[in-house]
Amino acid sequence: MVRVLVSLAALAALLMLPVAVQAQERPGDTWITLATQTIDPAARSARFDVSRTKGRSKAIRLAVRQGGVIVERAVVTYANGQVYYGDLERPVALRSGQSTTAFDLRHEERFVDTVDLAYRIEGRPAAPTQIEVQALQSQAGRLVERSVSTPTVAVGRPAATNGEGGRPYAAERAPAPAARRDEPVAAAPPPPPAKSRSITRSAPTPAGDAAPAKAAADDKPYVTVDVFFGTDRKQEPNRQKWERQLAAFGTQSGRKLTLGKAVVTVPKQGRRAGQITTNEWDLLVTRFSLRREDLARDFTIFSVDTLDQATFMAQVQRRQGLSQRYKNQAYVFVHGFNVSFDDALFRTAQMAFDVSFDGVPFVFSWPSIAGLSGYILDRTRAQTAAEYLRQFIEIIERESGITQIHLIAHSMGSDPLLRVLGSMSAETSARRPRFGEIILAAPDVTRETFEQVAGRIKPLGKGMTLYASSNDWALRVSRELLRGENPAGWVPAEGPLVISGIDTIDVSRASTDFFNLNHTTFAEREQMLKDLGGLLENGKRPPSDRLPAYKIVATPGGSYWRFEP
């Protein structure tokens, strides 16, 4: 109930925020022609490259110099990585001498790199159609020269967006054309987006060719992270984004394992380590967006593609070959309760980026219904997902060639992982796999279950770590639903679960953030991330050698570590 009230209060506060003041043309502002191009009637799309022009612009418009055209969509891509786009309520017909209204009119001035236009020309024009790209520039702005380092890019990637106030304009707002659509996903992503969110040009570095956790030395406000996924969610009709099809997965079980690869963008600045920033607000029972995606601020999903097993493994091996710091390493992350497919991709990418993990990040996404009301159903879904999780892990372990595979499970995701490891421990020694670190964060399984399986699965990994907390809201709910039985990740008054050979770390003091459920502490606190990175990189023990804030606590049943910032 408290959380509901907090959510409603937050919504009320948002609704009371003042509306942004729309920018206007000012005395001294002048419309300057940046480029003129004759467009092909059959092409239906055109790109105007103005990346070598001088001057910063406050707005853009299109003018017809000769002929006629029906404008369907347009996208303005800026040198700082922002992209302004939108959907026209209806196509706008322009004749010679006419122009659109201003696109993305702002107070600030920016260099424009490209303008992408989707259009149609009806009938047989008497003369070729010529289009001008015009920029509104102030007296000072038109004199500014571009820096030599400003890249000229013809390849699109997810990019920042946002118009001042988000107001539509008369003959503008439309994402870019589908140029280079024949390129594979693992190669350079296609040009600017098509709908809802945005897209940025990037330096000519393919999405699958850069170390996922390294921020490239360029002026893009984001980096891309490749995430390889396995899921038993039911596949839904593809969603269209940026003139391409993205595979979509809902909350139902598909009763089979589907493999694939996603590309996630992570903003370089403007967030705390561990924080996942999006344009959506989660108000307990629903999510909604107050603005368009901005790649300078938000995590976004650029692509999601399903792959057959051979193609999946070929791309995994390609990604593995680029690793340096975490060479021949990967982790498999299994998410917990109340997590959508997109959320699972975001969290996996966030961990890889924030710990500078340049190995291969995998995620297994089971069909959580992504709602607080679905706790009981989610528990059943997690348990039945164990069969497909085992298939996923075995494919990676047997075919990838990666020598060190770490396993990370959060919350309810610990249930299927423990079931898989328990069954693997029963294999003969010749067939029994050997993993790197086994990390269980706030595991939502009973203590009894954990104690029964822990002794059998410890030999499967180099080491095993249990992060536990006494202020985890979701685990408190679990405890009530389990009629007072403590989950393994819960820290009661007498202390956390301690088992010989397993490093138990009480991270209760890492957070007191009730609104965020306190349920992803292991990935939302900078020091926890530092510990996670050190654990994956070298497996250093005891935990206090990795993080001085861990203080050892001796008990009659054994020792554990407590986080004391």
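One residue alone among THR278, THR251 is hydroxyl-bearing (Ser, Thr, Tyr), part of a loop (DSSP other than H, G, I, E, B) and modelled with pLDDT of 85 or more, and that residue is THR278.
If only residues of segment 62-91 that are surrounded by fewer than 20 Cβ atoms within 10 Å (Cβ to Cβ) and modelled with pLDDT of 85 or more are counted, the one that is farthest from ALA126 (Cα to Cα) is ALA63.
Among residues of segment 529-554 that are at positive phi, those with a Cβ under 9 angstrom from a residue that is in a strand (DSSP E or B) and surrounded by 17 or more Cβ atoms within 10 Å (Cβ to Cβ), sequence gap 6+ or separate chain, pair up as GLY539/GLY436; GLY539/GLU437; GLY539/GLY463. SER368 fulfils the conditions (1) over 21 Å from ASP226 (Cα atoms); (2) surrounded by fewer than 19 Cβ atoms within 10 Å (Cβ to Cβ) except for a single criterion, (2).
Please give the helices (runs of 4 or more DSSP H) falling wholly within segment 363-446 in which 3 or more residues are within 23 Å of the chain's Cα centre (by Cα) and assigned by TED's automatic domain parsing to the domain that holds THR311.
386-399
The values are calculated or read from the model by the stated rules, or taken from the named source; none is laboratory data. Worth saying up front: this structure is predicted, and the values here are computed from it rather than measured. Cβ atoms come from the backbone with ideal geometry, glycine included; neighbour counts cover every protein chain shown.
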